[in-house]
Amino acid sequence: MKVAFFDAKSYDKPGFDHYAATAGIEIKYLETKLDEDTVSLAAGFEAVCVFVNDTVNAAVVEKLHALGVKVIALRCAGFNNVDMSACRGKLRVFRVPAYSPHAVAEYAMAMLLTINRRTHKAYIRTRDFNFSLRGMVGFDLYGKTVGVIGTGKIGRPFAEICQGFGMHVLAYDKIPDNGTGLHYVSLPEIFRESDIISLHCPLTPETRHLINADSISLMKKGVTILNTSRGALVNTEDLIAGIKEKQVGAACLDVYEEESDIFYEDRSGHILQDDKLVRLISMPNVLVTSHQAYLTNEALDNIAAITVGNLQKFFAGTPDETTEVIYRQ
């Protein structure tokens, strides 16, 4: 069983090497991302392993199929970067539905606390022996209303964390889970009533640019927006306009809609060509990180174990239906 592992990073390898050795899987690590220009590197492999910023469009799927690749193993939960209709009848697709939901939920809260209490700025100041508190005033989270959009495996733990802070939680999900005890409301009510809005839903045609000029106009003045899910849930231009107009008080973004050619790489020696991202990073009330909310030891181990397990079961003829991405008409 030979697997071409695209967009490989140093922190991926220990876990995958460990589990692959016991599963009889041979992994070829490739630093390049999978796209139309690099898909030929999959020649001679039975499977490809890809991550969130690899491009698996129809052209890539056709080429993979022609090369004899049988399966795509996603080492992530989302599959919006895979053309599932093109895969139908050609390639099986498996994912990691839940690797460490608490890792992402905890990180979302960490970002909220950071932007609110300016701990990132305090750290820089005191390193320069500047002990002024000017501009460091935040607000109590206790008693504030947080709107949680998406109450799946990550949204629910985030809601629980917020409840632990004494916050009032409003929830929205296309398929509400009434067993959670959460108070479900409509999206417009989330936008109108929330002091803080946190996105934990998948990227679909329906949720693309969920945060836009219209939804921002409904929000409380000074709202804080968190996104640790997928970048394209937010219309970046509309968010920037909302921040400049002071309708949006702060934004915490661990994802960005044009991140695929930027994130996960050291670009400190280059002039960043993405003007929208440059504007966001330059704003004092915006916190941008490089899609790292999932990055804990526990999550990396779970990702490796489940991904290798998916491949092992597939090649054994007993694919795991709970992790297979089913094509939906």
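Numbers at a glance
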{"quantity": "Reach of LYS70 by Cα under 13 Å, taken over aspartates and glutamates that are not fewer than 8 positions away in the same chain", "calculated": "GLU46, GLU62"}
{"quantity": "Amide H contacts under 5 Å for CYS252, placed H, 5+ residues apart", "calculated": "ILE225, LEU226, ASN227, LEU287"}
{"quantity": "Accessible area (Å², per residue) of the stretch 285-329, counting only protein heavy atoms and a probe of 1.4 Å", "calculated": "52 Å²"}
{"quantity": "Over 18 Å (Cα to Cα) - which of LYS9/LYS63; LYS153/LYS174; LYS221/LYS244; LYS144/LYS221; LYS121/LYS246; LYS9/LYS33 fall in this group", "calculated": "LYS9/LYS63; LYS121/LYS246"}
{"quantity": "Derived scalar couplings ³J(HN,Hα) [the stretch 223-237; Karplus, 6.51 cos²θ - 1.76 cosθ + 1.60; whole Hz; x for Gly, Pro]", "calculated": "4, 9, 10, 10, 9, 10, 9, 9, x, 6, 5, 10, 6, 4, 4"}
{"quantity": "Rounded to whole Hz, the Karplus (6.51, -1.76, 1.60) HN-Hα couplings of the stretch 148-154, x for glycine and proline", "calculated": "9, 9, x, 10, x, 5, 9"}
{"quantity": "In order through the stretch 36-49: 3J(HN,Hα) via Karplus (6.51 cos²θ - 1.76 cosθ + 1.60), integer Hz, x for Gly, Pro", "calculated": "5, 7, 10, 4, 5, 5, 7, 4, x, 10, 8, 8, 10, 10"}
{"quantity": "The stretch 184-296, relative contact order in percent, only Cα pairs under 8 angstrom and at least six apart counted", "calculated": "24 percent"}
{"quantity": "nm² value of the averaged projected area, convex hull over the Cα atoms of the stretch 225-316", "calculated": "7.8 nm²"}
{"quantity": "Listed peptides 4-17, 43-56 by packing density, highest first (mean Cβ within 10 Å)", "calculated": "43-56, 4-17"}
{"quantity": "Sum of -39500 (n - 2.57) over DSSP H runs of 4+, divided by residues of the chain (222 nm, nearest 500)", "calculated": "-10000 deg cm²/dmol"}
{"quantity": "Where LYS33, LYS2, LYS244, LYS28 fall by accessible area, highest first, once all protein chains stay in place (1.4 Å)", "calculated": "LYS244, LYS28, LYS2, LYS33"}
{"quantity": "Extreme residue, positive dipole direction of the stretch 175-329, given options HIS183, GLY231, GLY242 (C-beta unit charges)", "calculated": "GLY242"}
{"quantity": "Cα long-axis angle, helix 13-23 against the chain (0 to 90 degrees, to the nearest 10)", "calculated": "40 degrees"}
{"quantity": "Cα centroid of the stretch 52-81 to Cα centroid of the stretch 170-190, whole Å", "calculated": "33 Å"}
{"quantity": "Cut-off under 5 Å, modelled amide H: who pairs with VAL325 long-range", "calculated": "VAL93, PHE94, ARG95"}
{"quantity": "ARG117 accessible area, assembled protein chains, probe 1.4 Å, Å²", "calculated": "140 Å²"}
{"quantity": "Solvent-accessible ranking of PHE79, PHE131, PHE191, largest area first, probe 1.4 Å", "calculated": "PHE131, PHE79, PHE191"}
{"quantity": "With every protein chain in place, the chain: carbon and sulfur % of accessible area (1.4 Å)", "calculated": "51 percent"}
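The values are calculated or read from the model by the stated rules, or taken from the named source; none is laboratory data. Quantities reported herein were computed from a predicted structural model and do not represent experimental measurements. Methodologically, a virtual Cβ is constructed for each residue, glycine included, from the backbone with ideal geometry; neighbour enumeration extends over all protein chains shown. Please note that ligands, DNA and RNA were not included when accessible areas were found on the heavy atoms of the full protein model with its side chains. Shrake-Rupley method; radii C 1.70, N 1.55, O 1.52, S 1.80 Å.
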